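Taking it in order: structure first as structure tokens, then the write-up.
Just so you know, all these numbers are worked out from the coordinates, no wet-lab data involved. Not measured: the values here are computed from a predicted model. Cβ atoms come from the backbone with ideal geometry, glycine included; neighbour counts cover every protein chain shown.
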Ligand SMILES: Cc1cc2nc3c(=O)[nH]c(=O)nc-3n(C[C@H](O)[C@H](O)[C@H](O)COP(=O)(O)OP(=O)(O)OC[C@H]3O[C@@H](n4cnc5c(N)ncnc54)[C@H](O)[C@@H]3O)c2cc1C
């Protein structure tokens with residue numbers, strides 16, 4: 001293999017984005033919109049972008065707006081439902097919609113390629129869960145963001161909302177649901193490709209495929225020296241800013257960067273599995289994302305849901321996720337990933353998390369014992385008449401849950417976390433949910449933390465306001481700007 005040490009100007013970039021998934025692509029579009037002159041490089045180890053978590057088959061494709069995901073409204077120690085997280089996620093998703101609307105208006109992306117409108121329903125049974133759902137409904141509808149939420153415990157009405165779910169259900173069973181019609185299914189893989197296509201057309205991004213980043217180090221005060229390996233050679237590129245958008249690969253690159261912030265983190269992989277319906281008649285009869293309530297001890301990403309999906313333009317019906325276990329941090333990664341990520345600095349936190357999360361370990365262990373019939377039993381709680389032969393198992397993407405060292409010991413974090421170097425020269429994205437749906441807000445956070453001076457400039461601010469007309473406004477608190485923003489997004493994205 002040839003090793004090249006050339007540091008000619010063509011190997012220098014204003015930003016190097018590692019990983020060709022949705023996160024790096026979102027950041028690339030934002031940077032290009034803010035300053036079209038920037039020299040951007042994206043490096044992807046596989047031969048196409050968006051083949052890991054961002055691929056439609058590897059995630060649930062829910063445009064997370066907290067319309068139906070009950071884990072976003074936890075019950076506080078005082079017994080009351082906490083709406084804060086739901087409001088934050090709803091705001092962030094509205095920002096994603098606004099971003100897509102602007103790019104659509106500019107003719108840079110086509111929403112028909114990645115976005116479908118589908119009602120978001122929360123569905124529960126049993127008195128205590130119905131009580132929870134009713135309280136959640138009452139609490140959320142106090143806010144403009146959720147004022148269009150509908151409630152029903154009427155069998156006939158629910159059969160109208162989701163016929164397959166009610167078909168074959170015993171009439172006396174107490175059930176209830178809420179619905180928001182303005183829900184979405186997103187093919188995040190197709191969206192990534194839309195972004196990259198538009199950047200390639202305008203020459204805003206150099207994309208290196210089949211190229212793996214082996215490591216990175218600061219070569220002087222100014223630049224990161226990033227080591228790349230492709231089929232033929234090992235060479236280096238240089239940049240004052242690096243984004244580690246490598247999904248499950250981000251933790252290991254963060255550790256290799258040597259920044260002191262990296263040592264607080266470890267990771268624990270959880271893989272997902274779906275049941276996919278092979279009966280197209282059934283698929284056509286369901287038109288909703290129906291989210292239930294997670295079992296005690298189940299991680300939030302295991303909330304069961306029955307989803308209408310559009311994958312590569314083809315309609316499908318999917319139920320899950322079921323948890324699986326693999327020591328890989330990427331679906332196309334190595335079985336050594338977990339072991340290589342453990343070091344003397346994160347071992348104690350990882351052990352503490354194991355001890356504190358016995359419920360989670362038991363849940364994962366139980367999931368690993370499931371066979372096809374067991375999975376069908378779970379599905380029948382949603383689709384009472386589901387038949388074994390209509391459903392096949394499919395393997396989803398890997399999620400690497402963050403384990404963080406805190407003054408109170410190791411903590412398992414379920415959300416997404418942006419880690420930045422103190423000098424702003426590097427940012428890494430760890431974790432998963434709500435992930436892709438809130439990518440625009442997360443990448444704006446990256447830019448505020450790492451490109452603070454430029455973001456404060458008149459020029460960047462003006463461009464941001466063109467791209468995101470509601471930038472700087474609190475949509476959750478300001479109902480008139482929320483309704484103006486929604487009206488614009490609805491019309492440009494053909495939402496309702
Ligand atoms: C089962 C499951 C269900 C989900 N459901 C939803 C959902 O319903 N809604 C939602 O909003 N989000 C969902 N998510 C989360 C969402 O998929 C992720 O937040 C999002 O795809 C992450 O994008 P990314 O670009 O960070 O990572 P990825 O798409 O994984 O991209 C990372 C890329 O980096 C590359 N890479 C890794 N290491 C290197 C290296 N050393 N050198 C070069 N390239 C490298 C990888 O090959 C990969 O292409 C789900 C995730 C999973 C796993």
Original post:
For 132, 93, 365, what's the fewest-to-most ordering of other Cβ within 10 Å of each Cβ?
Top reply: 365, 132, 93
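Counting other beta carbons within 10 Å of each residue's own, what order do 232, 287 fall into, fewest first?
232, 287
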Subject >> Acute angle (nearest 10 degrees) that the helix 439-450 long axis makes with the longest principal axis of the chain, alpha-carbon atoms >> reply: 30 degrees
Subject >> the chain: C-alpha pair distances exceeding 44 Å, % >> reply: 13 percent
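Kirkwood Rh, segment 356-496, all Cα pairs: how many Å?
Working: mean 1/r = 0.0502 Å⁻¹.
Taking every pair of different Cα atoms in segment 356-496, averaging 1/r and inverting gives 19.9 Å.
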Original post:
Which order do 332, 229 fall in if you start with the one that has the fewest other Cβ atoms within 10 Å?
Top reply: 332, 229
**OP:** Express in whole angstrom the spacing between the alpha-carbon centres of segment 196-264 and segment 434-448.
**Re:** 19 Å
Subject >> Antiparallel bridges, percent of DSSP beta bridges restricted to the chain (to nearest 5) >> reply: 75 percent
Subject >> Estimated inter-spin distance, residue 113 and residue 285, nm [label 7 Å along Cα→Cβ] >> reply: 3.5 nm
Original post:
Using the Cα atoms of segment 57-143 to build a convex hull, what is its mean projected area in square nanometres?
Top reply: 7.4 nm²
**OP:** Please give the helix 127-140 orientation as an angle from the longest Cα principal axis of the chain, in degrees from 0 to 90, rounded to the nearest 10.
**Re:** 60 degrees
Subject >> Modelled label reach - residue 455, point 7 Å along Cα→Cβ, segment 30-66 residues with backbone N closer than 18 Å >> reply: 30-36
Original post:
In nm, what is the difference between 0.36 nm times the number of residues separating residue 150 and residue 80 and their Cα-Cα distance?
Top reply: 23.1 nm
Subject >> Stokes-Einstein D in µm²/s, Kirkwood radius over Cα pairs - segment 125-177 at 4 °C with 1.567 mPa s viscosity >> reply: 109 µm²/s
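To the nearest 0.05, how large is the calculated FRET efficiency for residue 220 and residue 473 if R₀ is 41 Å and r is the Cβ-Cβ distance? Write down the numbers at each step before the final one.
Working: r = 41 Å, r/R0 = 1.00.
That gives a FRET efficiency of 0.50.
Can you give the FRET efficiency for residue 491 and residue 295, using 1/(1 + (r/R0)^6), R0 = 45 Å, r = Cβ-Cβ distance, to the nearest 0.05?
Details: r = 41 Å, r/R0 = 0.91.
Using R0 = 45 Å, I get an efficiency of 0.65.
Please report, largest first and rounded to whole Å, the three semi-axes of the ellipsoid equivalent to segment 87-187, where each semi-axis is the square root of five times an eigenvalue of the C-alpha gyration tensor.
Numbers: eigenvalues 200, 60, 15 Å².
Rounded to whole Å, the semi-axes are 32, 17, 9.
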Subject >> Folded to 0 to 90 degrees: helix 358-368 orientation relative to the chain principal axis, Cα >> reply: 80 degrees
